[in-house]
Each structure stands twice: as C-alpha cells, then as structure tokens.
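As structure tokens, the structure follows; a few thoughts come after it.
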Amino acid sequence: MNTRRKFLAQATIGSLAAMSPVSSISCTDRAENPDEKTIGKKPLVISTWGFGLQANEGALKVLNSGGKALDAVEQGVRIIEADGSNSSVGYGGLPDREGHVTLDACIMDGGGMCGSVCALEHIVHPVTVARKVMEQTPHVILVGEGALQFALAQGMKKENLLTKESEAAWKEWLEEAKYKPIINIENHDTIGMVALDKNGDMAGACTTSGLAYKMRGRVGDSPIIGAGLYVDNEVGGAAATGLGEAVLRTLGSFLVVELMRQGKSPKEACREAVLRIKSKHANYKDFQVGFIAMNKKGETGGFSIHEGFGYAVGSEHSNELVKAESLLE
Ligand code: ASP
C-alpha cells in the first residue's frame, strides 16, 4: 500500500470514532488547517496516526469533564493497547523474532514526574504499569522480568498477548526471517499522545509493541523519557513514532520541546528534529520517523520524514485527523 493510501485507510479507521457524540471527524490538509487553529483551546489532545482518533475519544471523555491531563492520556492510550485488531500496540502486537510480545511504554506529567516500562510481557496495559512505576516506586524505569513482577504485585493479570493473527504473521515472517522495514507499512506504529487539560496542565503517554520481529531484548525510543516522549508544563510536549533507533540517537522528543522553549512553533520544532535525524543518518530515506507536538498555548503541529504520517487533534467539540508535512514526498 502506498503512503497516501495508508494514510487514507487510517482516516477510515478513525471515522469509526465519528459515531461518538463528541466528534466531528474530518481529514484535513495543513493548508486548510493552520496549526494556530487550536490556540487558546482547552482542553486539547493530540496523538499519532489514524488510531489517534479513537485514543483521543477516550482522552476527551476525561478532559471534557474537567479531568486531569495525566488521567486523560492514560485512559486514551489504553483503548489502543486493549485493541487486538492493531498489531503495533499492546494486546495483538507483533512479537519479537522469537515469538514473544514485548511492550514498551511511558507516561509523563508536565511537572517532570515520569514512569516507564521496557520489554514488558503478558500485561495488556503497560502504560498503567508505567504510571504505577512513577507513583508507587522511587524509580523511573523498570524492565523485563522485574517490570512483570511489579505489575503482578500491583494486582494486574498475566495474559497471553499473542493473537492468532499476529502469531500467523510471525510464522509467515519466519519463512524468510528478514528484517527489512518498509516505510509506513512496517506495522510498528506507536500511539503517542500529549494533552492539555482545563487547568492548563499537560501530560503525555507513549506505548508500543515496538518493531515487529525485533531482536529479543530490543527496546526502542517509546519508553525512554526524552526520546519517545517529553512534556514540560512551562513549554509543551512532544511524542515520536517511527524507527526508534533514529529517535534515540537524537533524543527527539526532548529536542522538540527544547526547540519550542527557544521559540519555535510545534511544527517548526518537529521539522528541525526531523532535519537533525537526516543530518545524522545517511540512509534517512529508508525509514520513517514522525513527531507531534503541542505548546502550552495550544498550538499543535507534526512533521515526518516521509509523506503518509498523520495525527489526530481533539478538542471539546471536534476530533480530526491532520496530515503532517514531510521532508520527502
Ligand atoms: N518507535 C517505535 C519503536 O521503534 C515504533 C514505531 O513507532 O513505529 O519501537
């Protein structure tokens, strides 16, 4: 599927959410939808890809009733984690090359508190475990077996996350066992979300099953604070999706927030972070990375290497998918 068709397919998935009363969903080009359109709007939420529309619906339920940004981002991304029909986040995620579904997630509030889990197995909601790491432990990150033990001690249930569909896809992959990412079709899209609540507080969350058929033990950018996600109430927040190694090498989301701190708009900051990745990777045309960002004024933006990336922007009365500008057509 080419990138444009992929984007439109995601917009169609998103239109499911249009049945919900809060939504008027449309898929808009940047020219008709300036980033400034959301300035001054509170509450506000943005999230990556077409499934961001569904995640936003969950977040908006919390935000519209006066709830906290931190609760909103957790509730929003949990919807995608529980949805076995997507193969890139939570339950139903594609496994590593040995057949294990291993999940990465983090959460951060605008005051600088954060929590994260890496390579967590058997738990449907890694974002909730990440929040518990933040709130119930003196630590920021728990990994693998220790993260699982902690989740079980917190009363979470051990489950099989490998669906029949993902198992079949893995077995088919095993026939050739080649890892060759195809732009936008790699089936490893992450849900990253940033929200601003009625009080003006911000928070973000990021959760993924990571690269399909990754090496056992591989951790991407998504659970690493500053790489897959960063939020600062004084400035704004950003999240990343795409090839995690490239985002890790440039600490992408932190970079976006720091660029906004220096006065760049969210879209300009995302563009500059993409340019940084370009400058460090001679092969940047071979992979996709996309950033989304929101500043504390409510201005939103996104930018990607390749065309085909989009993000959902939700406010009190609307929820729409926006096509991000890209470096390459
Ligand atoms: N960033 C994720 C990872 O590298 C994957 C994605 O967003 O597509 O694990």
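The values are calculated or read from the model by the stated rules, or taken from the named source; none is laboratory data. It should be emphasised that the depicted structure is a prediction, and the values quoted were computed from it without experimental measurement. Here the Cβ positions follow ideal geometry from the backbone for every residue, glycine too, while neighbour counts run over all protein chains shown. When the accessible area is computed, the model is the full protein with side chains, heavy atoms only, and any ligands, DNA or RNA have been set aside. Shrake-Rupley method; radii C 1.70, N 1.55, O 1.52, S 1.80 Å.
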- Query: In segment 104-155, which residue that is touching a residue at least 40 places away in the same chain (Cβ under 8 Å), farther than 21 Å from residue 254 by Cβ and assigned to a loop (DSSP other than H, G, I, E, B) is nearest to the chain's Cα centre (by Cα)?
  - Reply: 125
- Which residues, taken from segment 251-275, are within 15 Å of the ligand (Cβ to nearest atom) and either closer than 20 Å to residue 215 by Cβ or buried (at least 24 other Cβ atoms within 10 Å of the Cβ) (or both)? 252, 253, 256, 270, 273, 274
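Okay, residues lined up against (1) near the ligand (Cβ under 9 Å from one of its atoms); (2) modelled with pLDDT under 95; (3) crowded, with 24+ Cβ neighbours inside 10 Å:
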| position | (1), (2), (3) |
| --- | --- |
| 192 | yes, no, yes |
| 211 | yes, yes, no |
| 226 | no, no, no |
| 234 | no, no, no |
| 238 | no, no, yes |
- Does residue 176 fit the bill of being of a type outside the set (A, V, I, L, M, F, W, C), surrounded by fewer than 17 Cβ atoms within 10 Å (Cβ to Cβ) and modelled with pLDDT of 95 or more? no
- Query: Only one of (1) surrounded by fewer than 24 Cβ atoms within 10 Å (Cβ to Cβ); (2) part of a helix (DSSP H, G or I) is not met by residue 98, so which one is it?
  - Reply: (2)
- Message: For segment 276-304: of the residues being in a helix (DSSP H, G or I) and in contact (Cβ under 8 Å) with a residue 24 or more places away in the chain, which is surrounded by the fewest Cβ atoms within 10 Å (Cβ to Cβ)?
- Response: 280
- Note on the structure: Across (1) at pLDDT below 95; (2) open to solvent by less than 20 Å² (accessible area, probe 1.4 Å), residue 317 clears everything bar (2)
- The lone exception for residue 278 - which of (1) touching a helix residue (DSSP H, G or I) at 6+ places or on another chain (Cβ under 8 Å); (2) within 14 Å of the ligand (Cβ to nearest atom) it fails: (2)
- Message: All but one of (1) within 13 Å of the ligand (Cβ to nearest atom); (2) surrounded by fewer than 24 Cβ atoms within 10 Å (Cβ to Cβ) hold for residue 309; state the number of the condition that does not hold.
- Response: (2)
- How many residues does segment 305-329 contain that are in contact with a helix residue (DSSP H, G or I) (Cβ under 9 Å, 6 or more places away or on another chain) and assigned to a strand (DSSP E or B)? 17
- When you look at residue 133, is it closer than 18 Å to residue 228 by Cβ and open to solvent by less than 20 Å² (accessible area, probe 1.4 Å), yes or no? yes
- Query: Among (1) out of contact with any strand residue (DSSP E or B) (no Cβ under 9 Å at 6 or more places or on another chain); (2) of a type in the set (Asp, Glu); (3) touching a residue at least 40 places away in the same chain (Cβ under 8 Å), where does residue 232 come up short?
  - Reply: (1)
- Message: With the structure loaded, tell me whether residue 81 is of a type in the set (D, E, K, R) and surrounded by fewer than 24 Cβ atoms within 10 Å (Cβ to Cβ) or whether it fails that test.
- Response: no
- Message: I want to confirm something. Restricting to segment 213-224 and keeping residues that are at pLDDT below 95 and either open to solvent by less than 30 Å² (accessible area, probe 1.4 Å) or within 9 Å of the ligand (Cβ to nearest atom) (or both), which single residue is farthest from residue 172 (Cα to Cα)?
- Response: 214
